[in-house]
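A.B. asks: I have a structure I would like to understand better, so I am pasting it below and will then ask my questions one at a time.
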Amino acid sequence: MSPVLRQLTPTAGARILGLGSRQPEQVVTNADIAARGVDTTDEWIRARVGIERRRFARADESVVDMAADAGSKALADAGLAPSDIDAVLVATCTMPSFIPNAAGQTADRIGVHAAAAFDINAACAGFCYGLGTASDMIRAGSARHVLVIGAEKLSDWVDPMDRSTCIIFADGAGAAVVGPVGDGDRPGIGPIAAGSAGDLVDTIVVSDRNSFIRQDGREVYRWAITKIAPVALRALELARVAPADVDVLVPHQANLRIVEAIAKRIRAAGAPEDMVVADDIIHSGNTSSASIPLALDHMRAEGRVRSGDLALLVGFGAGLSYASQVVVLP
Ligand code: UT7
């Protein structure tokens, strides 16, 4: 008979202990894009997407550079040392090459040695998948502290003259340190509500390593405004949280009209009228897996959210993939 495999002692749950973010220096306005010869206007972009400006990384600034900076800041915010981290997860879909992955290099840069390190490619849902994985690792006892980072350099993958993508996508990184709750404390990360829509796989595609991102914007838009609010409501149900108790809604910053459509449905289900809704896209653009942690970090710096607030996160994008969970803000 085979031996019984010992299982590690599970913990009571996990929570976010610290946040950090990194944006490139270079600010690109809508007027800057039009000035490049792209057939668009500031008015169209503001009205249809909500973006006023975004950031593009320099040619020599990489996904790993941004991830390491955001990760270091999250560690400092959590009051932890690199040696406290057992695993580094980097959610990204814009590495210039897939070998080696981003997570190992990022861990090394931060000074986290010999930790588990792997990338997650669930595009714009990647940060929520990372947070769910980190929470489950900690609950199962296989890690104590996990650094979860969303980092993207979408400017490398966008045709600078394609007006359906070059106006939306941008660069940046956001990070969270996840750790166990103390004895008797309540968990600060709810169960993940996640899934995929493989029938729509062709709507956002990079067909080979020499191609740019192509997106059927209308189709993705229709999907996002109909299918994503129910995913977020399912995350509330799984965590046994009433919509009325949600302080902050942080949808992936894909398009301000999508954000507003999701917020409308969450409010119609009972969320408060004064629920804070992330609108970081206005100044940051769509940074895929980085958009949720970037928005959280910015909202905290602006004093729009407080420690202890209940935030409903929902990511969605290429795959198509989606994931949502409720978290208590650090
Ligand atoms: O983050 C990953 C997930 N991605 C998303 O969630 C993106 C979802 N989709 C969107 O956000 C929107 O569909 C876009 C922002 C991509 C496009 O906005 P839209 O309101 O859906 O525009 P549309 O594609 O329906 O195009 C409307 C019109 C078209 O002209 P005609 O055919 O009506 O004459 C487009 O050619 O607007 C035109 N157009 C533009 N005009 C000025 C498309 N892009 C532009 C532009 N500037 N940049």
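Each row is one residue, and each column tells you yes or no for (1) among the hydroxyl-bearing types (Ser, Thr, Tyr); (2) under 21 Å from Arg218 (Cα atoms); (3) touching a Leu at 6+ places or on another chain (Cβ under 7 Å); (4) outside the structural domain of Ala173 (by TED's automatic domain parsing).
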residue	(1), (2), (3), (4)
Arg300	no, no, yes, yes
Val305	no, no, yes, yes
Leu313	no, no, no, yes
Phe316	no, yes, no, yes
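A.B. asks: May I pose another question? Which of (1) among the acidic types (Asp, Glu); (2) under 30 Å from Phe98 (Cβ atoms); (3) more than 14 Å from the ligand (Cβ to nearest atom) does Asp216 not meet, given it meets every other one?
C.D. replies: Just one mismatch for Asp216, condition (3).
A.B. asks: Picking from Lys227, Lys264, which residue would you name as being closer than 29 Å to Arg48 by Cα and within 20 Å of the chain's Cα centre (by Cα)?
C.D. replies: Lys227
A.B. asks: Let me ask something else. Which residue out of Ala140, Ala114 is surrounded by fewer than 17 Cβ atoms within 10 Å (Cβ to Cβ), at pLDDT below 95 and out of contact with any helix residue (DSSP H, G or I) (no Cβ under 8 Å at 6 or more places or on another chain)?
C.D. replies: Ala114
A.B. asks: A follow-up question, please. Can you confirm whether segment 98-118 contains a residue that is of a type in the set (A, V, I, L, M, F, W, C) and under 13 Å from the mean Cα position of the chain (by Cα)?
C.D. replies: No - not one qualifying residue is present in segment 98-118.
A.B. asks: Let me ask something else about it. How do the strands (runs of 3 or more DSSP E) wholly within segment 17-126 filter down when requiring 2 or more residues that are in contact (Cβ under 8 Å) with a residue 24 or more places away in the chain and farther than 24 Å from Ala318 by Cβ: which remain?
C.D. replies: Those strands (runs of 3 or more DSSP E) span 26-29.
A.B. asks: Among the residues of segment 137-151, is there at least one that is touching a residue at least 24 places away in the same chain (Cβ under 8 Å), hydrophobic (A, V, I, L, M, F, W, C) and within 16 Å of the ligand (Cβ to nearest atom)?
C.D. replies: Within segment 137-151 (the criterion being touching a residue at least 24 places away in the same chain (Cβ under 8 Å), hydrophobic (A, V, I, L, M, F, W, C) and within 16 Å of the ligand (Cβ to nearest atom)), the answer is yes, since at least one residue qualifies.
A.B. asks: Tell me, please, whether a residue that is modelled with pLDDT of 95 or more, within 21 Å of Ala107 (Cβ to Cβ) and not in a loop (DSSP other than H, G, I, E, B) can be found in segment 7-14.
C.D. replies: Looking through segment 7-14, at least one residue is modelled with pLDDT of 95 or more, within 21 Å of Ala107 (Cβ to Cβ) and not in a loop (DSSP other than H, G, I, E, B).
A.B. asks: Out of (1) closer than 19 Å to Gly190 by Cβ; (2) in contact with an Asp or Glu (Cβ under 6 Å, 6 or more places away or on another chain); (3) within 13 Å of the ligand (Cβ to nearest atom), what's the single condition that is false for Val248?
C.D. replies: (3)
A.B. asks: Filter segment 149-196 down to the residues that are part of a loop (DSSP other than H, G, I, E, B) and basic (Lys, Arg), then identify the one that is surrounded by the fewest Cβ atoms within 10 Å (Cβ to Cβ).
C.D. replies: By that ranking, first place goes to Arg186.
A.B. asks: For the structure I just gave you, tell me whether Val250 is more than 28 Å from Asp65 (Cα to Cα), among the aliphatic types (A, V, I, L, M) and touching a residue at least 24 places away in the same chain (Cβ under 8 Å).
C.D. replies: Answer is no for this residue.
Yes/no matrix, rows are residues, columns are (1) farther than 30 Å from Gly184 by Cα; (2) touching a Leu at 6+ places or on another chain (Cβ under 7 Å); (3) surrounded by fewer than 20 Cβ atoms within 10 Å (Cβ to Cβ):
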{"site": "Pro10", "(1), (2), (3)": "no, no, yes"}
{"site": "Arg15", "(1), (2), (3)": "no, no, no"}
{"site": "Ser21", "(1), (2), (3)": "yes, yes, no"}
{"site": "Val38", "(1), (2), (3)": "yes, no, yes"}
{"site": "Ile51", "(1), (2), (3)": "yes, no, no"}
{"site": "Ala76", "(1), (2), (3)": "no, no, yes"}
{"site": "Ser83", "(1), (2), (3)": "no, no, yes"}
{"site": "Thr106", "(1), (2), (3)": "yes, no, no"}
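A.B. asks: Residue check: is Arg306 among the basic types (Lys, Arg), more than 11 Å from the ligand (Cβ to nearest atom) and surrounded by 15 or more Cβ atoms within 10 Å (Cβ to Cβ)?
C.D. replies: no
A.B. asks: Would segment 281-292 turn up any residue that is surrounded by fewer than 23 Cβ atoms within 10 Å (Cβ to Cβ) and within 15 Å of the ligand (Cβ to nearest atom)?
C.D. replies: Checking segment 281-292: at least one residue is surrounded by fewer than 23 Cβ atoms within 10 Å (Cβ to Cβ) and within 15 Å of the ligand (Cβ to nearest atom).
A.B. asks: Just to be sure, is Asp42 charged (D, E, K, R), surrounded by 14 or more Cβ atoms within 10 Å (Cβ to Cβ), over 26 Å from Val220 (Cα atoms) and in contact with a strand residue (DSSP E or B) (Cβ under 8 Å, 6 or more places away or on another chain)?
C.D. replies: no
A.B. asks: Let me ask something additional. For segment 244-265, which residues satisfy the criterion of being farther than 19 Å from Arg304 by Cα and part of a helix (DSSP H, G or I)?
C.D. replies: Passing the criteria: Arg257, Ile258, Ala261, Ile262, Lys264, Arg265.
The values are calculated or read from the model by the stated rules, or taken from the named source; none is laboratory data. Treat the numbers as computed from the prediction; the structure is a model and nothing was measured. In this analysis, Cβ positions are derived from the backbone assuming ideal geometry, glycine residues included, and neighbour counts consider all displayed protein chains.
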